[in-house]
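Remarks on the structure that follows.
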Amino acid sequence: MKILPDTALTYDDVLLVPQYSAVDSRRTLSTRSFLTKKIVLQMPIVSANMDVVTESEMAITMSREGGIGMIHRFMTIAEQARQIDRVKKAESFIVDKPITMTEAHTVGDLKRVVDETGTGGILILDGNEKLIGIVTTRDLLFEEDDRKSAADVMTRPVHSAPPNTTLKDAERLLHEYRIEKLPLVDANGKIAGLVTLKDIMKITQFPMATKDSKGRLAVGAAVGVRDREMHRVESALAAGADCIVVDIAHGDSHLEIDMIKNIRKHFPDAQIIGGNVATADGTKRLIDAGADAVKVGVGPGSICITRIVAGSGVPQLTAVMDCAKAAESAGIPIIADGGIRQPGDVAKAIAAGAQTVMIGSMLAGTDESPGMIMTRRGHRYKASRGMASREANIDRNKKEGNDLTQEEIEEYVAEGVEAAVPYRGKAREVLTQLVGGLQSGMSYSGATSIEDFQKKAIFVRMTGAGLKESGPHDVEVLG
Ligand code: XMP
């Protein structure tokens, strides 16, 4: 047994010392950082691979805002692949398989398909599957005779473009022809895709978005450490996942290390995130095994009780500092995972050496997380829960077809709790506050980039009295 000499600290134990700043507007400060060795984020925030936080809807928002979401693993391999696929298709400016009908279909048929699919334009083909016209919702809007044929109401001729049309060319053609839909047609007159103005506008609306090399939104996928999970890795990568989170509570373990090595061996180009660890040695072991980023945090999470149950963990600021220092020479980024309760914590985590922060419960309360809004005594909530909570364990087993016996339920030693978090509206609003806090923290340290921030930041420890002074006090807070 030994006792380490230094006291370990967490976010509430310290403040960033204000320093001279030449920054004019904090909102213009760059928050560009590295998620992994190769993946760059404009917003250094990652949504947690928890079943109450990240499925496709959250991942789409995270990526559009310049961060990234990690799809959790508590679903079948096929379902996880579908979730990844949804993210990948969300921002594509080309619809791969547009809806097509024939000239013999009636207006009634067309209206039904529009209602069922929500599509705004149907491509009309002749008997040889060649494009001859297009019917848009506008063509159907005032058409009362449902027996008319598609040929009677369609717009023709149709402006089209070749399959390899670039985003820039598509924008130009949509503008030039004053149209909203541009079919892509190959040399044989067959449909190869459809570009819509709506999709293009969505892309230009999110200039910070995290994209893969094909221009699709980036997304990560969590996998477990058992051998059979290699199928999940293969499926997630095939569906387009940009990185794999090897998810285990105690990442400084042979199970984690073997899994990282196995993934690296079979998928040499995969971006692998290892974790969770809380020490310099643990970080080095994961880097040596082949991790492209290391997730740090044992027990800081809002729904974690690992430190209570197992008596194990390291206060998060010290853990991040130690791990970041250990990873520095290898150029491997650290993800500070868990325990972010307010925007200032993001600034502190990044100043301490993390490149990104992972957020669970703060995002679990938003519209984009899975689950319903509950109302209790006039306040709105959403559910959050630890992935090692009793309820999550029961659900997970149920999904795998195992109904646990009462004895099995009671034998499970939970390291997480089930909780309710205040409803927080759109994830974007939470993210804006978190990034705004980070930029303010950078500005108070006189820093213009994450790298500069990490060089310049000076922490001062504070007492309980300092912490009390830091929040609103001696007033009744109204809003
Ligand atoms: P926050 O504080 O953002 O933390 O809600 C999210 C992180 O908490 C971790 N996590 C757990 N840790 N028992 C734990 O000890 C659990 O049941 C549990 N579930 C999630 C995880 O690292 C997540 O990203």
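Annotations for the structure displayed:
- Volume per residue of the C-alpha convex hull in the range 1-138, rounded to whole Å³: 275
- Rg and Dmax of the range 333-424, Cα atoms only, in Å: 16.3, 47
- Here is the list for the range 57-144: trypsin sites (Lys or Arg not before Pro) lying in DSSP coil, each with at most 13 other C-beta atoms within 10 angstrom of its C-beta, are K130.
- In the context of the full set of protein chains, residues of the chain present 50 Å² of accessible surface per residue (probe radius 1.4 Å, heavy atoms only).
- Mean Cα-pair separation over length for the range 100-205, i.e. relative contact order, pairs under 8 Å, 6 or more apart, %: 23
- Overall Cα dimensions of the range 100-205 - principal axes, largest extent first, Å: 40, 33, 22
- In angstrom, the C-alpha Rg and Dmax of the range 179-264 are 19.3, 58.
- Relative frequency of Cα-Cα separations exceeding 14 Å in the range 283-352, percent: 58
- Cβ-Cβ FRET estimate between E176 and A280, R0 fixed at 35 Å, reported to 0.05: 0.05
- In the range 63-128, Cα pairs under 8 Å separated by at least six residues give a relative contact order of 28 percent.
- Placing unit charges on the Cβ atoms of the charged side chains and taking the dipole of the chain about its Cα centre, the candidate lying farthest along the positive direction among S56, L174, A187 is L174.
- Across q = 0.09, 0.14 Å⁻¹, the chain modelled as identical point scatterers on its alpha-carbon atoms has Debye log10 I(q)/I(0) values of -0.70, -1.31, in the order of the q list.
- Taking every alpha-carbon pair under 8 Å whose residues sit at least 6 apart, the chain reaches a relative contact order of 20 percent.
- Exposed GluC sites (Glu not before Pro) absent: longest stretch of the chain, with sites in DSSP loops and at most 13 other Cβ within 10 Å deemed exposed: 145-399
- Applying the criteria of a DSSP loop state and at most 11 other Cβ atoms within 10 Å to the trypsin sites (Lys or Arg not before Pro) of the range 377-411 yields R377.
- Global geometry of the range 4-64, whether rounded, prolate or oblate, following the gyration tensor of its Cα atoms and the 1.5 cut on a/c: oblate
- Computed helical MRE - 222 nm, the chain, DSSP H runs ≥ 4 contributing -39500 (n - 2.57), nearest 500: -10500 deg cm²/dmol
- The range 117-141 and the range 172-207 have their alpha-carbon centroids 14 Å apart.
The values are calculated or read from the model by the stated rules, or taken from the named source; none is laboratory data. Just so you know, these numbers come straight off a predicted model, no measurement behind them. Virtual Cβ from ideal backbone geometry, glycine too; neighbours counted across all protein chains shown. Side chains are part of the model used for accessible areas, which takes the heavy atoms of the whole protein and leaves out ligands, DNA and RNA. Shrake-Rupley method; radii C 1.70, N 1.55, O 1.52, S 1.80 Å.
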